[in-house]
Each structure stands twice: as structure tokens, then as C-alpha cells.
Amino acid sequence: MAIDAKMSFMSQIEQSLAKELTVESMSRVMRTVADILDNFDMRETAGWEEDKDDLLDCYLSALKVEGRSQKTIDRYRYVISRMIKDCGVPVRRITIYHLRDYIAKGKERGVSDSTLEGEREIFSAFFNWLHRESLIEKNPTANLGVIKCQKKTKKILTDVDIEKLSGKCEELKCSIRNRAIIEFLKTTGCRISEMTGLDRDSVDFQRMEVVVLGKGNKERTVYLSPVAAMILQEYLAGRKDDHPALFFGYNLKRLTPGGVRAMLRKLGELAGVERVHPHKFRRTLATNLNRRGMRVQEVAAILGHENLDTTMKYVNLDRDDIRNEFRRRYA
């Protein structure tokens with residue numbers, strides 16, 4: 001047993017009992033307690049809140065060093081902090097039973113299996129890192145099974161859908177800008193934050209390429225179709241400002257992701273196209289490129305994915321495409 005921890009513990013007992021016992025009785029009690037403590041390995045530990053903050057902050061700092069985006073880091077902080085608070089014990093004492101109980105309570109609250117699986121993956125990444133760094137002796141997620149989710153095929157935008165959206169641009173302000181945004185998202189597959197962060201000089205019209213800054217401050221090149229380049233040039237030629245932003249709003253300030261989402265949602269309502277949002281264009285591009293024979297590694301490079309499994313989640317494999325490809329290969 002650590003001597004400092006024993007002395008601290010003994011001092012606390014003595015202070016607590018000083019007003020209740022005589023000096024002689026106190027002496028006997030302290031000798032008895034000291035004899036008992038000799039059989040235990042005792043160390044002073046910080047309160048669980050301090051332990052939680054220390055380990056979690058260490059992990060989040062590591063993510064920052066690895067180049068993870070601030071959005072990802074904030075997401076991990078929120079999910080892990082909520083789990084730790086619910087468990088009510090120091091991080092080093094969290095077991096698989098705590099985590100199973102947390103997930104079970106989530107199911108009872110009606111949280112979807114896909115959301116809980118996403119949180120499980122975050123917990124696994126957190127505890128795997130702690131274990132690799134020798135900050136915990138045992139990884140509580142080692143035997144925490146994957147949560148099976150119902151896989152729903154997410155719809156993509158058809159050519160007809162995009163024509164409908166483009167046709168309704170005239171009914172909103174900044175119609176040429178809105179058409180340029182639709183074509184830009186359709187052909188580049190950019191994340192909405194990537195697109196709104198672009199400046200005019202990011203676009204190389206001669207090569208029909210755009211250099212975007214993606215997650216983790218990593219640059220990559222995306223490509224414009226001839227139609228997208230033409231409409232984008234038309235939009236820029238009609239501007240009378242000297243603002244560096246590629247796209248800006250009514251107030252002559254850089255267009256925000258929220259502003260783009262609101263515009264697309266309104267166009268969807270006018271055109272009768274369901275669930276129009278920026279990420280749907282990203283999934284549409286991935287699917288179309290894959291259908292046209294582009295390798296998944298090349299699709300991943302355009303989307304900015306490091307993990308090919310992530311890219312495959314974006315690709316919508318149509319049953320007719322699968323059937324036709326099977327017939328073609330085994331005709």
C-alpha cells in the first residue's frame with residue numbers, strides 16, 4: 001500500500017472521529033484500522049470528474065493532432081461525455097456492462113439502431129485508443145457486439161429531379177446563382193461546408209477543376225462538367241461585386257451551409273421533389289460514377305473518403321443494374 005495514501009486515509013478518519021472518541025479509544029481505533037489497511041493496496045485517486053476530463057481531453061487532443069475536423073471532435077466530445085455522465089463512474093472503471101446498459105436505455109428511449117451503432121463505434125474508438133496508450137488496463141468495448149441496423153436504400157436524385165429543380169430556380173431570387181449551385185453540387189460531390197468555403201480563385205476554368213479544402217484540412221481536386229463550368233462562369237460574369245467568395249447571399253456576405261439547405265429545401269417543395277438536401281447530390285454523384293464504371297477507389301478520391309467502406313455506403317446499387325450486369329457477364 002502506498003504510504004502517502006495510507007497516511008491521508010488515516011488522517012481523514014482521525015479528523016472525523018476526533019469529537020466522538022476519547023484519546024485512548026481513538027488510539028485503539030487507529031491501530032486497528034492501520035492493521036487492516038496493511039492488507040490492502042491503497043492509492044489516492046482524483047475524483048471521477050477529473051478522471052473523466054483528463055482522459056477524454058487527452059483523446060480529443062490526439063484526434064486534433066491526427067487532423068480530424070473540429071466538427072468531428074465536437075461530435076466525439078458530446079457523445080462520449082454523455083456516456084460517461086450516464087455511467088456515473090470514472091472512465092477507468094467503465095465496463096462492458098455499463099456500456100450495454102447505456103445502449104439498452106437508448107433503445108428504450110426510442111433511439112434508432114443506426115444512431116446507437118454510430119455511438120458504439122465512437123466508444124470503441126475511444127477505449128481502443130486508451131488501451132493502446134496503456135491508460136486503461138482492459139478495453140470494455142472488446143466484446144461489445146455490433147448493433148444490427150435495418151439497411152434502407154437511400155434515394156438519389158434522378159436526371160428528371162435535377163431538371164425539375166433547375167426549372168424552378170426562376171421562381172426564387174438569385175436564380176442563376178441557384179442553378180450554378182445545383183450544377184456545382186451535382187458534378188463535384190462537395191460537402192456543403194467545402195462549397196461555401198470556396199473563393200473565386202479556387203476554380204480553374206481552363207482545366208475545369210476546383211481545389212477544395214476537406215476534412216482534416218486536406219486538399220483535393222474535384223471536377224466540373226462543361227455545363228457546370230458554363231453556368232458558373234455566367235453567374236460570376238453577372239456579379240458586380242469584388243467579394244472573394246464563390247457564392248454569396250442577399251446581404252453580400254458569404255453564403256452559409258444553412259442558407260444553401262434552405263434554398264434547396266424550398267426548390268424541392270416548388271418542384272415536388274422529396275428530401276432535397278446537399279448530401280443527396282453527393283450520394284447521387286457517387287452512384288452515377290460507379291454505374292459508369294469508375295472504380296470505387298477513384299470515387300473515394302473525388303469524395304474525399306479515406307475508407308472505401310464509407311464510399312460504398314454512398315453508392316446506391318440499383319437492382320436493375322445488378323440484374324443487367326449479371327446477365328451481361330453470364331450471357
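The values are calculated or read from the model by the stated rules, or taken from the named source; none is laboratory data. On a predicted model such as this, the values are computed, not experimentally measured, just so you know. Every residue, glycine as well, gets a Cβ built from its backbone with ideal geometry; the counts of neighbours run over all protein chains shown.
Considering only residues that are assigned to a helix (DSSP H, G or I) and under 15 Å from residue 185 (Cβ atoms), which ones fall in the range 302-320?
Passing the criteria: 302, 303, 314.
Residues checked against (1) in a helix (DSSP H, G or I); (2) of a type in the set (A, V, I, L, M); (3) out of contact with any helix residue (DSSP H, G or I) (no Cβ under 6 Å at 6 or more places or on another chain):
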site: 207; (1), (2), (3): no, no, yes
site: 233; (1), (2), (3): yes, no, yes
site: 239; (1), (2), (3): no, no, yes
site: 260; (1), (2), (3): yes, yes, no
site: 269; (1), (2), (3): yes, no, yes
site: 279; (1), (2), (3): yes, no, yes
site: 284; (1), (2), (3): yes, no, yes
site: 288; (1), (2), (3): yes, no, yes
site: 300; (1), (2), (3): yes, yes, no
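Could you check residue 105 against (1) within 21 Å of residue 303 (Cα to Cα); (2) of a type in the set (D, E, K, R); (3) out of contact with any Phe, Trp or Tyr (no Cβ under 6 Å at 6 or more places or on another chain) and say which number it fails?
(1)
Can you go through 124, 166, 175 and tell me which one is of a type in the set (Gly, Ala, Ser), under 18 Å from residue 87 (Cα atoms) and free of Cβ contacts under 8 Å to residues at least 24 places away in the same chain?
On the way: 166 fails: under 18 Å from residue 87 (Cα atoms); 175 fails: under 18 Å from residue 87 (Cα atoms).
The conditions single out 124.
Collect the residues in the range 90-130 that are among the charged types (D, E, K, R) and assigned to a loop (DSSP other than H, G, I, E, B), keeping them in residue-number order.
From the range 90-130, those among the charged types (D, E, K, R) are 92-93, 100-101, 105, 107-109, 113, 117, 119-121; that's our starting set.
If the condition is that a residue be among the charged types (D, E, K, R) and assigned to a loop (DSSP other than H, G, I, E, B), then 109 is the only one that fits.
Please give the number of the condition residue 255 fails out of (1) farther than 26 Å from residue 306 by Cβ; (2) in contact with a strand residue (DSSP E or B) (Cβ under 6 Å, 6 or more places away or on another chain); (3) at pLDDT 90 or above.
(3)
Since residue 164 meets every condition but one in (1) at pLDDT below 90; (2) in a helix (DSSP H, G or I), which condition does it not meet?
Status for residue 164: all satisfied but (1).
Name every residue in the range 196-220 that is of a type in the set (S, T, N, Q) and modelled with pLDDT of 90 or more, in order of residue number. Outline the logic, then answer.
Let us first name the residues in the range 196-220 that are of a type in the set (S, T, N, Q), namely 196, 202, 206, 217.
196, 202, 206, listed by residue number.
Only residues that are surrounded by 13 or more Cβ atoms within 10 Å (Cβ to Cβ) and at pLDDT 90 or above: list them for the range 235-244, please.
Passing the criteria: 235, 236.
Every residue in the range 58-89 that is closer than 19 Å to residue 216 by Cβ and part of a loop (DSSP other than H, G, I, E, B), please.
Across the range 58-89, the qualifying residues are 66, 67, 68, 69.
How many of the residues in the range 195-238 are more than 30 Å from the chain's Cα centre (by Cα) and among the hydroxyl-bearing types (Ser, Thr, Tyr)?
1
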